[in-house]
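Written out below as structure tokens is the structure these notes cover.
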Amino acid sequence: MSKDNKEFKNISKGRYVKKYFAVLGTITAVFAVFFASFVFIYQSNVEPAYVESHQIKDWQRLGKAEEEKGQEDNSMFSAPPRTNFLLIGCDKIAGLTDTIIAGTFVSATGEISLVSIPRDLYTTLERDKVRELNDMGRNPPRYFKLNSLYAYAGRGETGMEYLKNEISEILGIKFDYYAMVDTEGFRSVVDTIGGIDFEVPEGGLFYEDPGQDLYINLKGGMQHLNGSQAEGLVRFRKGYATQDLRRMEIQQEFLKVFLKTVLSKENLSSNLNALILDFIKYVDTDFGINDAAKYLSCISRVNADSVRCETLPCEGKMIDGAYYFILQEDEAKEIIDECFFGIKPAGEQESEIVSTAD
């Protein structure tokens, strides 16, 4: 448990603490919806080929964003205009980060944008990083799926640092905070708030894997899901035509419903203490007490219905007998520019100018 979380337990009960709990309850809701799952086998008829990793970073753009952030009010009670965060769902046994989501929060409007990153994203490390890991005895392969980097780097703080830095390199953004949860934490939070009402895809979801102790048996249509059932919903993928891509869409849909449920006055007033305990027990994060104070004045602006969800554009390819997602740079850059930098595609900007002139 982090030092911040230990200090949190000693905070006295009062009006400020109640507001503070509300913030952490909200953060818990966002973080806990992400979870880990295990690796399945993909199949494709694409011919094997070795490719280089792709990146969409634009360091001139990123440098400008960092310069602007340096001019912000850094008061402990003032949230920065934009906060970037990384959400991770990890399998504690294998150390695979099978859910990876980059997000951003705009304090003035309460706007949240989330970009799901395929766990099988093709990844290669720069030579200096490979040498660092080799010196630590980790010996990573020359290329691998992004979800395995955390394990290759040794897990813990070191693994998270390598994963966070690599995603920053790929996307061309820097993260202010990260949070990691596992399936146990996900189930607990859903049960804590009394379950979730969700429209299960038509035909239902059915799957069994005794090796993972995973049994999914959900009928189609509107269902009230407990923690275990919700876990099955967001882990299911084998029956979808697009498999992991469709699963990410379901996760995004679930997140919106989940966040809206947690933010309801009824849940915040009756489940705050339990949510905070879940946060302390299950969430590994560098978001601390002093950080939370900055968001007290703007967290009420968050509207779960307006959360923007995107999936990083990629193309599937077989490489040496394994299935990878290869980043589609141009399409991905447009999404990152708009979500994280507020830069709309050139065509849309021109259209708005013309519309305004008319």
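The values are calculated or read from the model by the stated rules, or taken from the named source; none is laboratory data. Fair warning: this is a prediction, and the values are worked out from it, not measured in the lab. Ideal geometry is used to build each Cβ from the backbone, glycine not excepted, and the neighbour counts take in all protein chains shown.
Key figures
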item	result
Pair list, Cβ < 8 Å and 6+ apart or interchain, from segment 224-240 residues that are in contact (Cβ under 8 Å) with a residue 40 or more places away in the chain to residues that are surrounded by fewer than 20 Cβ atoms within 10 Å (Cβ to Cβ) and assigned to a strand (DSSP E or B)	R235/L214; R235/I216; K238/Y207
Single match in E253, E266, E231, E249 (criterion: modelled with pLDDT under 85, assigned to a helix (DSSP H, G or I), of a type in the set (D, E, K, R) and out of contact with any Gly (no Cβ under 8 Å at 6 or more places or on another chain))	E266
Close pairs (7 angstrom Cβ cut-off, 6 or more residues apart or separate chains): among the aromatic types (F, W, Y) in segment 173-184, assigned to a loop (DSSP other than H, G, I, E, B) anywhere	Y177/D286; Y177/F287; Y178/D286
Residue match in segment 321-335 (condition: modelled with pLDDT of 95 or more, crowded, with 19+ Cβ neighbours inside 10 Å and within 16 Å of R82 (Cα to Cα))	no
Candidate set: segment 201-219, residues that are of a type in the set (D, E) and either more than 21 Å from F254 (Cα to Cα) or touching a Leu at 6+ places or on another chain (Cβ under 8 Å) (or both); chosen: the one surrounded by the most Cβ atoms within 10 Å (Cβ to Cβ)	D209
Candidate set: segment 285-299, residues that are surrounded by 18 or more Cβ atoms within 10 Å (Cβ to Cβ) and touching a helix residue (DSSP H, G or I) at 6+ places or on another chain (Cβ under 6 Å); chosen: the one nearest to T83 (Cα to Cα)	Y295
Qualifying residue in segment 146-160 (condition: in contact (Cβ under 8 Å) with a residue 12 or more places away in the chain, surrounded by 17 or more Cβ atoms within 10 Å (Cβ to Cβ), among the polar types (S, T, N, Q) and assigned to a strand (DSSP E or B))	no
